[in-house]
1. Tell me whether region 1-60 comes out rounded, prolate or oblate; compute the Cα gyration tensor, take square roots of the eigenvalues as a ≥ b ≥ c, and use a/c under 1.5 as the rounded threshold.
2. Can you give me the angle between helix 3-17 and the longest principal axis of the chain, using Cα atoms only, in degrees from 0 to 90, rounded to the nearest 10?
3. Taking the Cβ-Cβ separation of Ala53 and Tyr109 as r and a Förster radius of 35 Å, what is the calculated FRET efficiency to the nearest 0.05?
4. As I understand it, the dipole of the chain uses +1 on the Cβ of Lys and Arg and -1 on the Cβ of Asp and Glu, about the Cα centre. Which of Val44, Val57, Gln67 lies farthest toward its positive end?
5. Given the DSSP H assignment, sum -39500 (n - 2.57) over each helix run of at least 4 residues in the chain and divide by its residue total; what's the result at 222 nm in deg cm²/dmol, nearest 500?
6. I need the calculated FRET efficiency for the pair Val97 and Phe13, taking r as the beta carbon distance and R₀ as 35 Å, to the nearest 0.05.
7. Select one label from (i) 69, 35, 17; (ii) 76, 42, 29; (iii) 52, 36, 32: the one whose number is Cα extents along the principal axes in Å as derived from the coordinates shown.
8. Between 0 and 90 degrees, rounded to the nearest ten: what's the tilt of helix 22-57 against the longest Cα principal axis of the chain?
Amino acid sequence: MNNDRDMVLQNLFNEADKQLDDDVFTSQVVKRTYTLVVRLGLLVVCTALVVLAGMLVFDISPLVVVQGISGALTTPMFELGGWTGWVLTPINNIAGVLILGFKGFRVLYKKALRGSSFG
């Protein structure tokens, strides 16, 4: 190692040891968080407006759309009779499979890919 690289490393460690001013740091975090929340809110509102405008243009009732979605998500995966069908009703539909798949992907991502020990 030469002296130039030693100075770069030394400066890096010196910067890491500096204490941050709490008020400035907090205000920056709050400002960035607020900006992110506003952007996400605008994205959701704009998406909802586009969907509603599309439904208006194609003359589709929102009630029909909601009924179609709920009918599709509650479609049973397997026809089970008796008490097994009654007990497995919450997970024996498309929505249950989607929720379990999302939760499994999230657990896999947190545990395996990020190496996190928190659930």
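1. Verdict is oblate for region 1-60.
2. The angle comes out near 60 degrees.
3. Values: r = 35 Å, r/R0 = 0.99.
Approximately 0.50, to the nearest 0.05.
4. Among Val44, Val57, Gln67, the one farthest towards the positive end of the dipole of the chain is Gln67.
5. Counting only the DSSP helices, I get -23500 deg cm²/dmol.
6. FRET efficiency, Val97 to Phe13: 0.10.
7. Computed from these coordinates, Cα extents along the principal axes in Å corresponds to label (ii).
8. Helix 22-57 and the main axis of the chain meet at about 30 degrees.
Any read-out appearing in this document is the output of simple, stated calculations on the displayed coordinates, not a laboratory observation. Since the structure is predicted, the reported quantities are computational estimates derived from the model, not experimental observations. Heads up, the Cβs are rebuilt from the backbone with ideal geometry, glycines too, and the neighbour counts pull from every protein chain shown.
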